[in-house]
Amino acid sequence: MKELAQIASAVQASSTMAIDVRSKQMQADGIDVVGFGAGEPDFNTPDHIKAAADKAIAENVTRYTPASGTAALKEAVCRRMKEDCGLDYKPAQAAVTSGAKHCVYIALRAVVDPGDEVILPAPFWVSYLELIKMVGGKPVVVTAGEDAGFKMTAEQLAAAITPKTKALVLNNPCNPTGMVYSKEELAAIARVCVEKDIYVISDEIYCNLMYDGAKCTSFAALGEEVKERTILINGVSKSYAMTGWRIGYLLADERIVKVMANYLSHSTGAPSSISQAAAVAALSGPQDCVEEMRRAFEERRNYIVERVNAMEGVSCLKPEGAFYIMMNVEKQLGRTICGEAVNSSGDFAAALLKHGLVATVPGGSMGAPGFIRWSYAASMDNIKKGMDRLEKFLKG
Ligand code: PMP
Ligand code: GLU
């Protein structure tokens with residue numbers, strides 16, 4: 001048989017999803033594993049959102065919708081953007097997709113030709129790297145270490161730009177680090193993007209999950225010249241505990257949205273009509289559920305950060321957003337733990353799963369060797385259990 005396509009063959013499976021599947025399978029097999037792999041809220045979707053979906057089904061809202069989403073959802077998205085970020089967008093500047101992951105794909109599709117360079121600050125969410133490759137782009141990884149708070153500087157960005165650079169993928173608050181760029185840091189990055197005329201795919205899906213009273217600045221709020229180059233991505237998965245409903249959305253210049261809508265009309269056809277009705281209820285209904293979940297995440301963050309930093313030989317920064325911590329395991333490399341040689345964060349995560357029955361994501365696939373990502377979107381009981389197991393494992 002002939003070879004499969006080179007681009008497709010080069011794509012690596014999502015490490016976050018693979019670990020999630022593995023730990024869920026272990027649980028199904030009766031093994032008492034605690035999962036900190038996938039970043040997925042453990043809360044149920046709020047009742048008023050589920051009721052809107054029930055109503056949509058009862059009223060036969062079960063047919064195709066426009067490829068880039070219903071008018072009602074685009075209007076709800078624009079109102080939420082105005083309220084949360086002070087941004088003015090028209091419904092014609094919005095597109096809805098089957099999950100924010102697909103927004104990233106479609107955004108890259110709209111601006112990247114094969115061979116174009118796309119700048120990706122590391123540590124990064126594992127899917128960005130593969131998605132850039134999937135559109136034929138060349139990822140240019142710019143590493144921001146723990147000592148820099150995992151944040152790329154404007155100078156680093158400027159140094160990485162070449163005539164082939166088409167876009168920057170920015171994720172703020174960041175998965176996997178939980179770090180948040182300040183308005184000043186973003187403004188400095190934005191100046192470089194405008195001066196060098198590159199697009200910015202700004203994934204702000206965690207913008208409602210901010211702690212210590214901090215507020216997230218949207219990249220698009222940094223001026224008109226910035227906004228017209230920005231493809232702003234968000235979705236309902238994280239803020240409203242709706243990962244399975246598969247609704248993401250993006251906002252951009254009308255010219256870019258038109259290209260993306262054409263693409264959507266041939267790829268997914270349209271997002272689920274029922275999920276879109278539910279997303280309207282999420283974005284337009286009462287927002288106290290978002291605040292309630294945010295508060296619970298903040299409490300969990302405080303607990304997990306304190307526990308990790310109280311242990312010998314591991315440490316983590318205290319993130320200001322999202323629901324992840326990056327645990328530094330560099331001091332563990334070269335050790336033998338529970339009879340396993342640990343020479344990489346991958347070895348550490350594998351041994352922790354096997355002997356500690358705790359599932360985490362090793363940083364290698366996220367441009368952060370030497371680190372382990374914990375998602376604390378898990379119940380407090382499970383976080384306590386996971387920390388107790390880690391403590392015991394480290395002594396093994
Ligand atoms: N962006 C980031 C940074 C994420 O962490 C995720 C979660 N997988 C997504 C996008 C995708 O979210 P969705 O469930 O809407 O596809
Ligand atoms: N965003 C989550 C994570 O990083 C969900 C899994 C995925 O799609 O990568 O774990």
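Couple of notes before you dig in:
- Straight-distance crosslink candidates among lysines, where the alpha carbon sits under 22 Å from Lys258 and sequence neighbours closer than 8 are dropped: Lys74, Lys82, Lys90, Lys101, Lys166, Lys227
- As a calculated quantity, the FRET efficiency between Ser379 and Ala13 at R0 = 35 Å, using C-beta atoms, amounts to about 0.80.
- Taking other C-beta atoms within 10 angstrom as a stand-in for reagent exposure, Ile304, Ile57 fall in the order Ile57, Ile304, fewest first.
- Annotation: aspartates and glutamates with alpha-carbon distance below 14 angstrom to Lys55 (same-chain offsets under eight excluded): Asp47.
- Summed over qualifying helices (DSSP H, 4 residues or more, each -39500 (n - 2.57)) and divided by its residue number, the chain shows a 222 nm mean residue ellipticity of -13000 deg cm²/dmol.
- Neighbour-count order for Asp288, Asp20, Asp42, fewest beta carbons within 10 angstrom listed first: Asp288, Asp42, Asp20
- Unit charges on C-beta of K, R, D, E only; dipole of the chain, Debye: 620 debye
- Spatial separation of Cα centroids for segment 153-191 and segment 367-396, in angstrom: 29 Å
- Net length gained if the chain between Glu292 and Glu59 were fully extended (0.36 nm per residue, minus Cα distance): 80.8 nm
- Candidates Gln25, Gln276, Gln332: whichever shows maximal mean-square fluctuation once the chain is modelled as a Gaussian network with Cα springs under 10 Å: Gln25
- FRET efficiency for the pair Lys82 and Lys354, taken as 1/(1 + (r/R0)^6) with r the Cβ-Cβ distance and R0 = 56 Å, rounds to 0.70.
- Under the criterion of Cα pairs below 8 Å and six or more residues apart, the relative contact order for segment 198-334 equals 23 percent.
- Here the dipole of segment 277-380 is about 200 debye; that uses its Cα centre as origin and unit charges on the Cβ of Lys and Arg (positive) and Asp and Glu (negative).
- Residues of type lysines that Lys151 reaches as a straight line, Cα spacing below 18 Å, ignoring anything fewer than 8 places off in the same chain: Lys183, Lys215, Lys318
- Stretching Ala158 away from Ser182 to a fully extended chain increases their span by 6.8 nm, per 0.36 nm per residue minus the current alpha-carbon distance.
- When you restrict to C-alpha pairs under 8 Å that are six or more residues apart and normalise by the size of the chain, the relative contact order lands at 23 percent.
- Extension gain, Glu225 to Glu391: 0.36 nm times the residue separation minus the Cα-Cα distance gives 54.8 nm.
No lab work stands behind these numbers, since they all come straight from the coordinates. Please read these numbers as outputs of a predicted model, since none were measured by experiment. Because the Cβ atoms are built from the backbone with ideal geometry, glycine has one as well, and the counts that use them run over all protein chains shown.
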